[in-house]
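Structure first, then comments.
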Amino acid sequence: MDLYEHQGKELFARYDIPVPRGIVATTAEDAARATEELGGRSVVKIQVQVGGRGKGGGVALVDSPQRAAEEAERMLRDGFKGMPVTRVLCEELLPIAREFYTSLLLDRSTGRYLALMTAEGGVDIEELARTRPEAIRRVQVDPSIGMRPFHVRELVAALPSESRQGAADIIGKAYRMLLEVDATLVEINPLVQLEDGRVVALDSKVTIDDSALFRHPDIESLRSAFPIDPVEARAKEKGLQYVKLDGDVGIIGNGAGLVMSTLDVVAQAGGRAANFLDVGGGASADQMATSLEVVLSDPAVSSVLINIFGGITRGDLVARGVLEALERVQPKVPIVVRLDGTNAAEGRKILAEAQHPNIVSAATMIEAAQLAAALASGVAA
Amino acid sequence: MDLYEHQGKELFARYDIPVPRGIVATTAEDAARATEELGGRSVVKIQVQVGGRGKGGGVALVDSPQRAAEEAERMLRDGFKGMPVTRVLCEELLPIAREFYTSLLLDRSTGRYLALMTAEGGVDIEELARTRPEAIRRVQVDPSIGMRPFHVRELVAALPSESRQGAADIIGKAYRMLLEVDATLVEINPLVQLEDGRVVALDSKVTIDDSALFRHPDIESLRSAFPIDPVEARAKEKGLQYVKLDGDVGIIGNGAGLVMSTLDVVAQAGGRAANFLDVGGGASADQMATSLEVVLSDPAVSSVLINIFGGITRGDLVARGVLEALERVQPKVPIVVRLDGTNAAEGRKILAEAQHPNIVSAATMIEAAQLAAALASGVAA
Amino acid sequence: MSVLVGRDTRLLVQGITGNEGTFHTRRNRDFGTNVVAGVTPGKGGQDVDGIPVFETVADAVRETKANTSMIFVPPRFAADAILEAVDAGIGVVVAITEGIPVREMAEVRAYLDGRSSVLVGPNCPGVISPGEANVGIIPGEVCTPGRVGLVSRSGTLVYQIVHELTRRHLGQSTCIGIGGDPVHGIGFIDALAMFSDDPDTEIVVMVGEIGGDDEERAAAFISERVGKPVVGYIAGFTAPPGKRMGHAGAIVTGSSGTAQAKAEALEAAGVKVARTPTEVAELVQVALS
Amino acid sequence: MSVLVGRDTRLLVQGITGNEGTFHTRRNRDFGTNVVAGVTPGKGGQDVDGIPVFETVADAVRETKANTSMIFVPPRFAADAILEAVDAGIGVVVAITEGIPVREMAEVRAYLDGRSSVLVGPNCPGVISPGEANVGIIPGEVCTPGRVGLVSRSGTLVYQIVHELTRRHLGQSTCIGIGGDPVHGIGFIDALAMFSDDPDTEIVVMVGEIGGDDEERAAAFISERVGKPVVGYIAGFTAPPGKRMGHAGAIVTGSSGTAQAKAEALEAAGVKVARTPTEVAELVQVALS
């Protein structure tokens, strides 16, 4: 779960990491009022979960509440890179002496935490890592000993000596926050030193581990601020892994790998998947039924492909779930079903006996993909 | 640093480990008043840092304030196993259903923490470990992961199922306390389950790591409650490692091993050491002078042996310190000096040139020990 | 022959009394796996179909000499269960549980460093050596003994691809699901090394997916160290960047972790990369003929 | 030949700018040790007698290829310094500092598990290979090259016994002070194993003291694994129970940890145990003649 900049900074503030004074605005009037409160000048920043705001018109320095209102109005109206924008952050303007970059993240290849620091601020860190890796200090932190003073010293040695104390202080706090809120990424870009010497987090990028949200209801609730597709919201509520895509073949499968593979095979058959939906391991009839409802609630869907290879998931329960769903929703589109694995024979038997007009059985995954793609494009309809 | 029972229990209470209600008394009258306050009955316990109180008359159940006063009077008057007793602990009497034993300690042979639990309470654990080791559950805790729920489950599986929850709760808290107060031992013997089901620490034995006392001034200050030899107190104040012994040859050396060896060699030469004193590594002239003052302040000392093999410690500084001390104190006893190692030649030269009447030089450690032993017994005087 | 699990496996099931735990314990035993014990705290002394249930793993190991553990406990207790198994000296720990917080897995992984226990998973389908032992949820009936070693991040792709192999009479020595979580136990490289050393594995199938760089690092390992033919498959060519595709670890971040890059890295290492699960079996058939 | 430190040692000194650090760095260098770098946080860029001082160990290793570290930093920062050295890949870490809290040393020791770095100390006099390198505070002038390996918990007893050996022309291959703290790096067993494998060590002197059971465990190791003669010495026969004799680890607890018990365990393992430091040298002389 990726947090907005202002949400990340609210966490920073809880951990005493210095951030600029800021006020969130959801209307142009609020932005003007916020700027007034910040002394008549501010920086207005679009709150989105994609990068490149600086170059893309997502950040504006304004010298009057009136200008703040104009910029906020534009941002809220136009969105950003195709994403809707529901809020902006107005922050005080600070006199910056130097800009740096720092981040803490979980490094999947080692299973350790990785801390990065460079004296070059506001950079594209991936780009810098490619072109001048020696400019970045990288320190691995073993979770068994945690972030120690020596790790911090190694990191801040990348900075001018007068900036080290302030940066060290922030790294220590950011690591504690990373652990306590179960973050997998805490990035501060830029980390700045002000003219008065203070070191401040000017931006925030925080990612929280979804698997740990159960112990952070306060963070989980921040999600309510996200603009979200209503179909995705429904799937989420039911505990289904659903991602909306652009095509017209609705996809349901069990297991992330099989579903991804199904999307690929449908594409090879000339179709375009309308979604990714993983019913998960040990799917019940009810989950299967809900999945079908979720997929069918997308008006773009012209055919559905259910591809199940049962391990924990049992074919008989899948078949019952499909039939249950067909009673609840009256589908207008064909549903191609391919069942294999645990209790698949029972499942196939249940479906065959039901003789539902919308159900088309397929023997193999490739055949199923071809059928579903063809049915969506009307060829086999 | 070993804490008294009541001091350990005060730490327990800070960590929410249940203990009986108790009041410390330093006079018979206080003990009576405390027992009054505890409902007219109590258990009166000698506060000493040696074991075997139960069998040795150090614990008395009393059914009236009058009896409490009598027992306290006896305890404070007679001492315990030759130790002076300055305080007793009066505690409420609790209805005990079962007795167990548990401890957490730093296991030096592995460098890990070791947790012990047995369903047999009030036992001599060393004795039980010898005779029926299978009655004790031993769980090693790696500091890199700390005390985990599974460790606790393994420990409490030693107990009847109805006692497990209460014991598990105490173990978790005791481990946190062990780490936070830098204890090397937390022993609860017995750990009891009351008739109402509650699990309570009926006794406490807590040892704090001396090297970590710098971060626990509150615990360090508990030392003021200890009866202590005034000479030891003086040495401690000067940062010297001093242990009072029974003999008449004062010993000063550098390095614990060399001093222990010197005690042994003096004993082999027929002498009896009056003390152990390690001036430590890198001893300065001032430390050396103080050491001599400390050793000479013991009236039993009839000769002094200074045995220095310099590594960090420099022979010239040692010699200067000896001469300085001789100016400050006017010793009536001979001082045998043996110097080797770093700057030993310079040191020997300084001493030779001083021609002080009390100083006797020795070429080897054995010769020095023989001389000092003989001088103490008057043979060579 | 086989790797990780086989005829010597003495299986302990942590979380044996839960629904899924009991269901798959029975299936594994019916397959022929030697299931010797279960553990569920608070239920020590009970049994599941005659399999004794213990209070702790240490007790179970002491009493039954279990050497392998399968973990079905709920996510918030699962990291503790893994540590318990490692501490009790279990050699192979197979964690099926999905949704363990990654911070806890980072701690587990650090603890495994320098210890001899091998962790498979979490969030994995387990390990099966057809004809010998099945530890996990891979449906045994789709497998057949043989000489193809298979390692996969995805569970259902194991089933799918094994199914395609078996249909073509290409039996398997061992199939390993390493799991789809960002921080996990053994990876492609460990599995490839085991298959390389296994005299009865003739060819290896490696099934990857988007996210991370496990496949890229495996490719480097293959070109340096693996003397046997390897067939690859990567799921997620059509996955859009920035979207987590079911598995916690399956996400294209910026320009890294794409299926395309992984396939190219494998091909550069001499691996034949299939475009569908069916093609995997076809390529294996070609390589062995 | 030698163990732990020798001609290949490239020494880094952590805490080089402190009084003791500077003093012993000079002495070690004067002895012939190749001192390549120092580290003192906040003083990176300075030098001590031409030895460059770095901000961090990682920097120093990168620039100077240091492979051994000697630690002189104050106790409350010393555990961090050891971890820093280990993390930077230093092979031999010699911690002289006395008074490191034992909880921190327990963490350090757990971190060392499974890693290749070797820790000597803390609260130790260091390691000297006469004629090759001196890392620590053992006065080099009392040593002479030869074939006696020495390992001791006590520092000053190293000096004393080496002095007795040298007087009798019994040179030393390497002398190791393992330190007097309850939780420390290498112990008697590790040192005995190294000396066993060192072709130029002919006999081993092992110097113990009261407290713990390191000597008893070493005795078991000697009877099982050490093919060379061993001469022992234990300090503290006259130490009363319950009193800490200077070293944090030197205490007789109840009936365990006595000098008597240790001497008996060693004698039972075939070790000749001397009663005075002088007798140690005499026994070595007898054993070698």
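Per-structure values
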| item | result |
| --- | --- |
| Residue within the stretch D:250-265 that is within 25 Å of residue B:81 (Cβ to Cβ), basic (Lys, Arg) and more than 7 Å from every other protein chain (Cβ to nearest Cβ) present | no |
| Selection within the stretch C:145-165 - more than 11 Å from every other protein chain (Cβ to nearest Cβ) and not charged (D, E, K, R) | C:145, C:146, C:148, C:149, C:150, C:151, C:165 |
| Residue check for residue D:245: within 20 Å of the chain's Cα centre (by Cα) and over 25 Å from residue B:239 (Cβ atoms) | no |
| Criterion (closer than 18 Å to residue D:36 by Cβ and either of a type in the set (A, V, I, L, M, F, W, C) or within 7 Å of another protein chain (Cβ to nearest Cβ) (or both)) met by exactly one of D:118, D:92, D:102, D:142 | D:92 |
| Residues of the stretch C:218-239 satisfying the condition of being without any contact (Cβ under 8 Å) to a residue 60 or more places away in the chain and at the interface with chain A (Cβ under 7 Å from one of its Cβ atoms) | C:236, C:237, C:238, C:239 |
| Single unsatisfied condition, residue B:21 versus (1) surrounded by fewer than 15 Cβ atoms within 10 Å (Cβ to Cβ); (2) in contact (Cβ under 8 Å) with a residue 24 or more places away in the chain; (3) out of contact with any Leu (no Cβ under 9 Å at 6 or more places or on another chain) | (3) |
| Residues satisfying the stated conditions in the stretch B:245-266, i.e. charged (D, E, K, R) and more than 9 Å from chain D (Cβ to nearest Cβ) | B:248 |
| Boolean, residue A:195 is at pLDDT 95 or above and under 30 Å from residue C:114 (Cα atoms) | no |
| Selection within the stretch B:203-215 - aliphatic (A, V, I, L, M) and either surrounded by fewer than 23 Cβ atoms within 10 Å (Cβ to Cβ) or not assigned by TED's automatic domain parsing to the domain that holds residue B:106 (or both) | B:213 |
| Number of the condition not met by residue B:331 [criteria: (1) more than 17 Å from residue B:235 (Cα to Cα); (2) part of a helix (DSSP H, G or I)] | (2) |
| Single unsatisfied condition, residue A:210 versus (1) free of Cβ contacts under 8 Å to residues at least 60 places away in the same chain; (2) facing another protein chain (nearest Cβ under 10 Å) | (1) |
| Cross-chain or 6+ apart pairs with Cβ under 7 Å, the stretch B:152-173 first and in the same structural domain as residue B:199 (by TED's automatic domain parsing) and within 19 Å of residue B:16 (Cα to Cα), then in a helix (DSSP H, G or I) and at pLDDT below 95 | none |
| Qualifying positions in the stretch D:30-58 - within 18 Å of the chain's Cα centre (by Cα) and part of a helix (DSSP H, G or I) | D:31 |
| Filter result for residue C:132 (at pLDDT below 95 and surrounded by fewer than 24 Cβ atoms within 10 Å (Cβ to Cβ)) | no |
| Number of positions in the stretch A:267-316 that are modelled with pLDDT of 90 or more, within 25 Å of the chain's Cα centre (by Cα) and within 14 Å of another protein chain (Cβ to nearest Cβ) | 9 |
| Selection within the stretch A:317-359 - more than 14 Å from chain C (Cβ to nearest Cβ) and under 16 Å from residue A:253 (Cβ atoms) | A:319, A:321, A:322, A:325, A:335, A:336, A:337 |
| Unique residue being of a type outside the set (D, E, K, R) and in contact (Cβ under 8 Å) with a residue 60 or more places away in the chain when the list is A:222, A:245, A:277 | A:222 |
| Residue pairs meeting the criteria (Cβ under 8 Å; at least 6 apart or on separate chains; first more than 24 Å from residue A:49 (Cβ to Cβ) and outside the structural domain of residue A:36 (by TED's automatic domain parsing), in the stretch A:84-101; second of a type in the set (Lys, Arg) and in a strand (DSSP E or B)) | none |
| Failed condition for residue C:251, given (1) of a type outside the set (Gly, Ala, Ser); (2) closer than 18 Å to residue A:107 by Cα; (3) touching an Asp or Glu at 6+ places or on another chain (Cβ under 9 Å) | (3) |
| Of residues in the stretch B:216-251 being aliphatic (A, V, I, L, M) and at pLDDT 95 or above, the one surrounded by the most Cβ atoms within 10 Å (Cβ to Cβ) | B:249 |
| Residue in the stretch B:326-334 that is at pLDDT 90 or above and crowded, with 24+ Cβ neighbours inside 10 Å present | no |
| Residue tally, condition closer than 18 Å to residue A:303 by Cβ and without any contact (Cβ under 8 Å) to a residue 24 or more places away in the chain, over the stretch A:320-341 | 2 |
| Residue satisfying all of: in the stretch A:132-170; farther than 23 Å from residue C:108 by Cα and in a strand (DSSP E or B); farthest from the other protein chains (Cβ to nearest Cβ) among these | A:136 |
| Search result, residues across the stretch D:150-163 that are surrounded by 24 or more Cβ atoms within 10 Å (Cβ to Cβ) and either of a type in the set (S, T, N, Q) or outside any loop (DSSP other than H, G, I, E, B) (or both) | D:150, D:151, D:152, D:154, D:155, D:156, D:157, D:158, D:159, D:160, D:161, D:162 |
| Selection count, the stretch C:98-125, where residues are on the phi < 0 side of the Ramachandran plot, more than 12 Å from the chain's Cα centre (by Cα), assigned to a loop (DSSP other than H, G, I, E, B) and in contact (Cβ under 8 Å) with a residue 24 or more places away in the chain | 6 |
| Within the stretch D:31-85, tally of residues that are in contact (Cβ under 8 Å) with a residue 60 or more places away in the chain, more than 14 Å from chain A (Cβ to nearest Cβ) and not β-branched (Val, Ile, Thr) | 4 |
| Hits in the stretch A:117-131 - residues which are under 12 Å from residue A:158 (Cβ atoms) and either at pLDDT below 85 or part of a loop (DSSP other than H, G, I, E, B) (or both) | A:119, A:120, A:121 |
| Count of residues meeting criterion [hydroxyl-bearing (Ser, Thr, Tyr) and either part of a loop (DSSP other than H, G, I, E, B) or farther than 19 Å from residue C:6 by Cα (or both)] in the stretch C:164-176 | 1 |
| Residue satisfying condition, being surrounded by fewer than 24 Cβ atoms within 10 Å (Cβ to Cβ), small (Gly, Ala, Ser) and within 35 Å of the chain's Cα centre (by Cα), within set A:345, A:376, A:362 | A:362 |
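The values are calculated or read from the model by the stated rules, or taken from the named source; none is laboratory data. Remember, it's a predicted structure, so these values are computed and weren't measured experimentally. Positions of Cβ are backbone-derived with ideal geometry, glycine not excepted, and every protein chain shown enters the neighbour counts.
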